[in-house]
1. Any chance the stretch 96-107 includes a residue that's closer than 17 Å to Met239 by Cβ and in contact (Cβ under 8 Å) with a residue 12 or more places away in the chain?
2. Condition test on Ala13, is it crowded, with 16+ Cβ neighbours inside 10 Å, in a helix (DSSP H, G or I) and modelled with pLDDT under 85?
3. Just to be sure before I move on: is Ala267 assigned to a helix (DSSP H, G or I), among the small types (Gly, Ala, Ser) and within 17 Å of the chain's Cα centre (by Cα) in the structure I sent?
4. For the stretch 37-49, give me each residue that is farther than 10 Å from Pro261 by Cα and among the aliphatic types (A, V, I, L, M).
5. Looking at the stretch 235-251, is at least one residue in contact (Cβ under 8 Å) with a residue 60 or more places away in the chain and more than 26 Å from Val164 (Cβ to Cβ)?
6. Out of all the residues in the stretch 124-136, is one or more free of Cβ contacts under 8 Å to residues at least 24 places away in the same chain, touching a Ser or Thr at 6+ places or on another chain (Cβ under 9 Å) and surrounded by 15 or more Cβ atoms within 10 Å (Cβ to Cβ)?
7. From Val164, Val206, Val150, Val210, which residue is in contact with a helix residue (DSSP H, G or I) (Cβ under 8 Å, 6 or more places away or on another chain) and closer than 18 Å to Val83 by Cα?
8. Against the conditions (1) more than 28 Å from the chain's Cα centre (by Cα); (2) surrounded by 15 or more Cβ atoms within 10 Å (Cβ to Cβ); (3) closer than 18 Å to Phe181 by Cα; (4) of a type outside the set (A, V, I, L, M), where does Arg103 fall short? Just the number, please.
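The values are calculated or read from the model by the stated rules, or taken from the named source; none is laboratory data. Treat the numbers as computed from the prediction; the structure is a model and nothing was measured. Here the Cβ positions follow ideal geometry from the backbone for every residue, glycine too, while neighbour counts run over all protein chains shown.
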Amino acid sequence: MKASRGLVSWLQAAPLAALFVVFFLVPLGLILMVSFWRATDYELIPAFTLQAYADIFNGCGGGDDTCVALSTYLSTLKFSLLVWVFTGLIGFTVAYFLAFHVRSTLWQTLLFILCTVPFWTSNVIRMISWIPLLGRNGLVNDTLLALGLVHQPVEWLLFSGFSVTLAFVHLYTMFMIVPIFNSMTRIDPSLIEAARDNGASPWQIVRHVVIPLCKTGIIIGSIFVIALVMGDFITVGVMGGQQIASVGKTIQVQASVLQFPAAAANAVILLLVVLMMIWALMRLVDLRKEL
């Protein structure tokens, strides 16, 4: 009987395990394998070599500023940190308002659906919608000129780090709102009332009650946002005017010119960096226990 139950359990898990192997482990293994190949201008040579990894870090450690890989990763990490901070602040504020200030479940649902309206269109359309607003002759510059706040169009609004960060925040804030809101709805309202009755200020309630109890949602949202920003190349290309470097953009360019070993090596390194960041975040909370 026990053996038959074990067999049934394995059979139930088999379809999901097969999908995991075929669509995750096999492609990952192929990328890892190609990263050790050698490429010429005309062909790929399936021979084990570390040349692709050596080329990525060429110039690093020489005491000069020629380490392109390091500067590219730092640029990507910078965007990840900025987007994480802004999406965290916005996501926490929106989730807090929905969970504790909107008493009606119906209104909570309606307002939550309203937050998802931008996701009914594609990411590209949402990004392109910023261009008429932030361009040199866009609505924002026209308004600033009409109000006399500036005497010439502001150049850094578009095709800059500002526009890339703004687009990222616009695209990925919802990935922070959802898990935080889900965690906040599980908080017993009597805990908030008890803290208030004991003289705690609103900030003390948020700091000592709400944040610790919704830490799981914050970590899950952080993992989503960081992973998405680290691997993104479309947003950086469109909103950065093809002038801003990122690891995802580097991989896309290398793949487009058929430098597959270099692209695969960069993908492997990027995956390791993201996994280390996720590991560091998961050290803050035991997700399996909390969920």
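1. no
2. Working: crowded, with 16+ Cβ neighbours inside 10 Å: no; in a helix (DSSP H, G or I): yes; modelled with pLDDT under 85: yes.
In short, no.
3. Values: assigned to a helix (DSSP H, G or I): yes; among the small types (Gly, Ala, Ser): yes; within 17 Å of the chain's Cα centre (by Cα): yes.
Considered against the rule, which asks whether it is assigned to a helix (DSSP H, G or I), among the small types (Gly, Ala, Ser) and within 17 Å of the chain's Cα centre (by Cα), Ala267 comes out as yes.
4. If the condition is that a residue be farther than 10 Å from Pro261 by Cα and among the aliphatic types (A, V, I, L, M), then Ala47 is the only one that fits.
5. Scanning the stretch 235-251, I find no residue that is in contact (Cβ under 8 Å) with a residue 60 or more places away in the chain and more than 26 Å from Val164 (Cβ to Cβ), so the answer is no.
6. Just the residues of the stretch 124-136 that are free of Cβ contacts under 8 Å to residues at least 24 places away in the same chain, to begin with: 125, 129, 132-133, 135-136.
Filter once more, so that each one left must be touching a Ser or Thr at 6+ places or on another chain (Cβ under 9 Å): 129.
Now restrict to residues that are surrounded by 15 or more Cβ atoms within 10 Å (Cβ to Cβ): none.
No, because not a single residue in the stretch 124-136 is free of Cβ contacts under 8 Å to residues at least 24 places away in the same chain, touching a Ser or Thr at 6+ places or on another chain (Cβ under 9 Å) and surrounded by 15 or more Cβ atoms within 10 Å (Cβ to Cβ).
7. Sole residue among the options that is in contact with a helix residue (DSSP H, G or I) (Cβ under 8 Å, 6 or more places away or on another chain) and closer than 18 Å to Val83 by Cα: Val164.
8. With (1) more than 28 Å from the chain's Cα centre (by Cα); (2) surrounded by 15 or more Cβ atoms within 10 Å (Cβ to Cβ); (3) closer than 18 Å to Phe181 by Cα; (4) of a type outside the set (A, V, I, L, M) applied to Arg103, the lone miss is (2).
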